[in-house]
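Written out below as structure tokens is the structure these notes cover.
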Amino acid sequence: MQQLSIRKMRSSLVQLDHLLEDAGELVLTRHGKAIARILPIRRQKKRPSHADLRRCMPCLDTVSAALIRRDRDER
């Protein structure tokens, strides 16, 4: 975390992305009091494919048609 005054932030606006990369978080101050926090955007996690999801799911011993039929009969 790095603290920057508004005056310093305005002068180093061109390098703001590099400052954020180095510090990870910037706190903007006015007259020594924190007024804002700048955080990097987190990258979105890659969504798993359907094949990956199917691999993670346990295999059922009973086919789904039989489970649906049983559920309807119980109603």
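Tabulated data for the structure shown
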{"quantity": "GNM flexibility winner over the chain from LEU60, LEU20, LEU28 (Cα, springs under 10 Å)", "calculated": "LEU60"}
{"quantity": "Phi to ³J(HN,Hα) by Karplus 6.51 cos²θ - 1.76 cosθ + 1.60 over the range 9-23, Hz, x for Gly, Pro", "calculated": "5, 4, 6, 10, 4, 5, 9, 4, 5, 5, 4, 5, 4, 5, 8"}
{"quantity": "Antiparallel content of DSSP bridges confined to the chain, in %, to 5", "calculated": "55"}
{"quantity": "In sequence order, calculated HN-Hα J values of the range 28-37 (Karplus, 6.51, -1.76, 1.60; Hz; x Gly/Pro)", "calculated": "8, 10, 10, 6, x, 10, 5, 10, 7, 10"}
{"quantity": "Other-chain or far-sequence residues with amide H under 5 Å of GLN3's (modelled H)", "calculated": "VAL27"}
{"quantity": "Average accessible surface area per residue within the chain, 1.4 Å rolling probe, Å²", "calculated": "100"}
{"quantity": "Gaussian network model of the chain, Cα within-10 Å springs - most flexible of ARG54, ARG30, ARG43", "calculated": "ARG54"}
{"quantity": "Highest-fluctuation residue, VAL27, VAL14, VAL63 considered, GNM on the chain with Cα pairs under 10 Å", "calculated": "VAL63"}
{"quantity": "Of all accessible heavy-atom area on the chain, the percent that carbon and sulfur account for (1.4 Å)", "calculated": "51"}
{"quantity": "Debye, to nearest 20: dipole size of the chain, +1 on Lys, Arg Cβ, -1 on Asp, Glu Cβ", "calculated": "320"}
{"quantity": "Residue-averaged [θ]222 nm for the chain, counting only DSSP H segments that reach four residues, each worth -39500 (n - 2.57)", "calculated": "-11500 deg cm²/dmol"}
{"quantity": "Using a Förster distance of 30 Å, the FRET efficiency for MET9-GLN44 (Cβ separation, nearest 0.05)", "calculated": "0.65"}
{"quantity": "Contact order relative to length of the range 8-75, as percent, for alpha carbon pairs under 8 angstrom and 6 or more apart", "calculated": "17"}
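The values are calculated or read from the model by the stated rules, or taken from the named source; none is laboratory data. All of these numbers come straight from a predicted model, not from anything done at the bench. All Cβ positions, even for glycine, are placed from backbone atoms using ideal geometry, and neighbour counts span all protein chains on display. SASA here: full protein model, heavy atoms, side chains in, ligands and nucleic acids out. Shrake-Rupley method; radii C 1.70, N 1.55, O 1.52, S 1.80 Å.
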